[in-house]
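J.: Got a structure for you, written out below as structure tokens; questions coming shortly.
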Amino acid sequence: MEEAKKMDERKRSRGKKQLRGRNLWIFRLLLLLSAAGILLFGSLFLKEYREYRAADQEYASLREHIEVGTESGETEESTEKAESGESERPELKIDYAALQKVNPDFSAVLYFPALDLRYPIAAGKDNEDYMHRSFEGKSNAAGSIFLDAAASKDYSDLNTFVFGHNMKNGSMFGKLKLLLKDPELASSNPYLYLCRPDGIRKYRIFSYFVTDVEDAVYQDVTEADYESYVERSLKRSAAPEQAETGIDFTEKPKLLTLSTCSGPGSAGKRLLVQAALVEQWQEGDAQ
């Protein structure tokens with residue numbers, strides 16, 4: 001009887017030791033997995049930081065070829081001209097040859113004063129070319145601002161799409177979301193400019209809204225459905241007051257649509273900013 005008790009105690013003791021050993025093994029495994037997770041997260045964070053930094057440095061260098069004059073902001077003189085209906089050409093000094101030398105796919109410069117947005121636009125063979133490739137051709141998550149591959153390279157379509165990433169640090173098209181937070185940005189200065197060697201085109205924002213990536217707004221606009229297309233966009237605008245633009249849409253002015261991701265993880269949502277051509281200056285026109 002006494003011997004049986006001793007055997008039971010030895011079994012229980014061995015069981016406890018095995019359990020402690022198993023728990024210790026599980027603890028060590030969890031510790032190892034946690035350390036691996038921290039290292040992975042850290043490496044991904046470092047990679048993202050380095051890419052952000054590299055992109056910022058590259059585009060800061062490119063901005064040296066896209067200089068804005070001191071008179072390009074809103075001044076008393078420019079305000080008086082706007083109120084009188086007299087338009088003012090933006091004070092820009094762009095070295096088109098230098099940008100073309102950096103990248104033969106250079107298409108135009110996009111200038112959006114309200115957001116201090118100045119970027120060269122690349123035109124790739126397809127919409128994947130510059131999704132994760134910088135203007136200088138380097139692999140980078142920030143990618144480039146790029147023209148829709150299906151669009152006419154001279155921006156002569158009824159509606160032309162230009163794409164860019166919604167970067168967390170506000171670079172690329174990351175600042176577009178500020179329009180949703182502060183509608184006053186667009187209402188106080190609703191113009192953006194498309195600059196090419198042959199001249200500058202001035203567009204007025206008439207609508208911006210968040211939609212799905214599969215939305216019909218991405219379909220080609222034809223002469224027949226132009227007015228209905230614009231009407232739908234006006235109704236969907238996050239800032240209805242932008243509808244009071246004075247734009248004569250019966251003349252079917254060319255449209256320019258900026259498109260970027262919207263929301264956490266993109267989630268299939270897109271933020272669109274739509275503008276209509278209201279004026280253009282040919283190269284050599286008096287400023």
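J.: Filter region 239-253 down to residues that are buried (at least 17 other Cβ atoms within 10 Å of the Cβ) and among the hydrophobic types (A, V, I, L, M, F, W, C) and give me whichever is modelled with the highest pLDDT. Before the answer, list the steps.
T.: Applying the first criterion (buried (at least 17 other Cβ atoms within 10 Å of the Cβ)) to region 239-253 yields 239, 242, 245, 247, 253.
Now narrow it down to the ones that are among the hydrophobic types (A, V, I, L, M, F, W, C): 239, 247.
Details: Ala239: 81, Ile247: 92.
Out of the qualifying residues, it is Ile247.
J.: Can we say Tyr203 is touching a strand residue (DSSP E or B) at 6+ places or on another chain (Cβ under 8 Å), of a type outside the set (S, T, N, Q) and at pLDDT 95 or above? Please lay out each step first, then the result.
T.: Numbers: touching a strand residue (DSSP E or B) at 6+ places or on another chain (Cβ under 8 Å): yes; of a type outside the set (S, T, N, Q): yes; at pLDDT 95 or above: yes.
The answer is yes for Tyr203.
J.: Follow-up question, since we're still on this one. Here are some residues: Val230, Val217. Which one is assigned to a helix (DSSP H, G or I), more than 18 Å from Gly174 (Cα to Cα) and out of contact with any strand residue (DSSP E or B) (no Cβ under 7 Å at 6 or more places or on another chain)? So that I can check it myself, show each step before the final result.
T.: Values: Val217 fails: out of contact with any strand residue (DSSP E or B) (no Cβ under 7 Å at 6 or more places or on another chain).
Being assigned to a helix (DSSP H, G or I), more than 18 Å from Gly174 (Cα to Cα) and out of contact with any strand residue (DSSP E or B) (no Cβ under 7 Å at 6 or more places or on another chain) holds for just one of Val230, Val217, which is Val230.
Quick grid of which residues meet (1) within 21 Å of Tyr119 (Cβ to Cβ); (2) surrounded by fewer than 17 Cβ atoms within 10 Å (Cβ to Cβ); (3) modelled with pLDDT of 95 or more:
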site	(1), (2), (3)
Val213	no, yes, no
Tyr226	no, no, yes
Ala267	no, yes, no
Ala275	yes, no, yes
Glu279	no, yes, yes
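J.: Let me ask something additional. Could you please give the count of residues in region 89-105 that are buried (at least 16 other Cβ atoms within 10 Å of the Cβ) and assigned to a loop (DSSP other than H, G, I, E, B)? Spell out the reasoning first.
T.: The first filter runs over region 89-105 and keeps only residues buried (at least 16 other Cβ atoms within 10 Å of the Cβ), leaving 89-90, 92, 94, 96, 99, 102-103, 105.
Going one step further and asking which of them are assigned to a loop (DSSP other than H, G, I, E, B), we end up with 89-90, 103, 105.
The number of residues fulfilling the criteria is 4.
J.: For region 129-151, check the following and say yes or no: at least one residue is within 17 Å of Asp116 (Cβ to Cβ) and at pLDDT 95 or above.
T.: yes
J.: In this structure, is Arg270 under 16 Å from the mean Cα position of the chain (by Cα) and among the charged types (D, E, K, R)?
T.: Considered against the rule, which asks whether it is under 16 Å from the mean Cα position of the chain (by Cα) and among the charged types (D, E, K, R), Arg270 comes out as yes.
J.: For a quick check of your reading: which strands (runs of 3 or more DSSP E) sit entirely within region 110-173 and have at least 3 residues that are farther than 24 Å from Lys252 by Cβ?
T.: Details: elements: 117-122, 145-147, 159-163.
Hits in region 110-173: 117-122.
The values are calculated or read from the model by the stated rules, or taken from the named source; none is laboratory data. What you see is a predicted model, and the numbers here were worked out from it, not measured in a lab. For neighbour counting, all protein chains shown are included, and Cβ atoms are generated from backbone atoms with ideal geometry for every residue, glycine included.
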